[in-house]
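Q: Okay, handing you the structure first.
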Protein chains: 2
Amino acid sequence: MGILLKKCEKIGLRLTEQRRSVLAVLEEAKDHPNIHDLFERASKVDPNLSIATVYRTVKLLEELNVLTKLEFGDGIARYEVADRDHHDHLIDLKTGKVIEFYDEEIEKLQQQLARKLGYRLRGHRLELYGTLLEDEK
Amino acid sequence: MGILLKKCEKIGLRLTEQRRSVLAVLEEAKDHPNIHDLFERASKVDPNLSIATVYRTVKLLEELNVLTKLEFGDGIARYEVADRDHHDHLIDLKTGKVIEFYDEEIEKLQQQLARKLGYRLRGHRLELYGTLLEDEK
DNA sequence: GTAGATGCAAACTGTTTGCGAGGTG
DNA sequence: CACCTCGCAAACAGTTTGCATCTAC
């Protein structure tokens, strides 16, 4: 049984057919799907799923901290499961490919910086945009 | 004469009434105005300015690297003059206030990280979200 | 059985665009 | 004068919402 499903059960969410479909898609997604992706994938299992339901489900899950919303500056929201280890993103400017990374030192520095400015760090977003070194030859 | 105006002149932009108004607003903006802000402020000088023109002007300026587009995850694009020293943003979760900061060490770390992943860093976005330490008492 | 979830379509928000009129260089 | 830019309104894309119906608990 999926981790997400279990989590939602624990929260006490009503587990409808539609929510199960969306959760299943999220569960097995290796990428960072947007609403349209989720809708398309879940529709294969549940053909008369409505996109409004996907919006509602995803919004709900985001508010419950089950999902994290990502916005890479193209105006399209993407989602990923929130629970996994924290990481940031590097976006390949040529291909749009998204690479996840984590760096302890940067995390610490951010914490310190916020405090220096008089704030408690509640969250952050770090995105690196780059091009493959290989492509330079 | 404003720096922005001069820059646009050098680029060879046609300097219409409307563009002058928008540039003037940007020139003196101490915050990070969105399109609506720009439209309202510029409208005071140029009452029959159209919001479509603001969109067109801002888009143009962004493409010419005169402006930088900021997106803080609420779906509203904000703008700032691109030329100033690079900096990142800390967003106050309670008030929405935006504080600018710059940290050499973080900049360097990002560069190194990208290279470690096989990329040349072309840009980045770092946003810290926090709450005032003072508010905790 | 009942509160809550769904599908549908209409409404909304931020942004873009086609067109004829107007202004800049 | 030619080309670019403008204002207007209509078109768009992504997202939200009102309402009647349906369903998980």
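The values are calculated or read from the model by the stated rules, or taken from the named source; none is laboratory data. Owing to the predicted nature of the structure, the values given are computational and were not obtained by experimental measurement. Cβ: placed from backbone, ideal geometry, glycine included. Neighbour counts: every protein chain shown. These area figures cover heavy atoms from the full protein model, side chains too; ligands, DNA and RNA do not enter into them. Shrake-Rupley method; radii C 1.70, N 1.55, O 1.52, S 1.80 Å.
Q: Within the bounds of segment B:76-93, is there any residue that is within 16 Å of DNA strand C (Cβ to nearest atom), open to solvent by 50 Å² or more (accessible area, probe 1.4 Å) and not hydroxyl-bearing (Ser, Thr, Tyr)?
A: yes
Q: When you go through (1) in contact with a strand residue (DSSP E or B) (Cβ under 9 Å, 6 or more places away or on another chain); (2) not assigned by TED's automatic domain parsing to the domain that holds B:ASP37 one by one for B:LYS108, which number turns out not to apply?
A: (1)
Q: If we keep just the residues of segment A:13-42 that are more than 9 Å from DNA strand C (Cβ to nearest atom) and among the small types (Gly, Ala, Ser), which is farthest from the other protein chains (Cβ to nearest Cβ)?
A: A:ALA24
Q: Moving on to the next point. Scanning segment A:1-22 for residues that are hydrophobic (A, V, I, L, M, F, W, C) and touching a residue at least 24 places away in the same chain (Cβ under 8 Å), which turns out most open to solvent (accessible area, probe 1.4 Å)?
A: So the residue we want is A:ILE3.
Q: So, one more: Just to be sure before I move on: is A:LEU117 out of contact with any helix residue (DSSP H, G or I) (no Cβ under 7 Å at 6 or more places or on another chain) and open to solvent by less than 90 Å² (accessible area, probe 1.4 Å) in the structure I sent?
A: yes
Q: Of everything in segment B:25-36, what is open to solvent by less than 50 Å² (accessible area, probe 1.4 Å) and either in contact with a His (Cβ under 7 Å, 6 or more places away or on another chain) or part of a helix (DSSP H, G or I) (or both)? Give them in sequence order.
A: B:VAL25, B:LEU26, B:ILE35
Q: Of all residues being open to solvent by less than 20 Å² (accessible area, probe 1.4 Å) and touching a helix residue (DSSP H, G or I) at 6+ places or on another chain (Cβ under 9 Å) in segment A:47-75, which is farthest from DNA strand D (Cβ to nearest atom)? Just the residue, please.
A: Among them, the one singled out is A:VAL66.
Q: When you go through (1) touching a residue at least 40 places away in the same chain (Cβ under 8 Å); (2) not assigned by TED's automatic domain parsing to the domain that holds B:LEU132; (3) not polar (S, T, N, Q) one by one for B:ASP92, which number turns out not to apply?
A: Every condition holds for B:ASP92 apart from (2).
Q: While we're looking at this one, here's another question. Just give me the residues in segment B:1-23 being outside any loop (DSSP other than H, G, I, E, B) and away from DNA strand D (no atom under 13 Å from the Cβ), in sequence order.
A: Within segment B:1-23, B:ILE3, B:LEU4, B:LEU5, B:LYS6, B:LYS7, B:LYS10 meet the criteria.
Q: Let me ask something additional. Quick check on A:GLU104: is it open to solvent by 30 Å² or more (accessible area, probe 1.4 Å), touching a residue at least 24 places away in the same chain (Cβ under 8 Å), more than 13 Å from DNA strand D (Cβ to nearest atom) and of a type outside the set (A, V, I, L, M)?
A: Taking the combined requirement at face value, the residue does not satisfy it.
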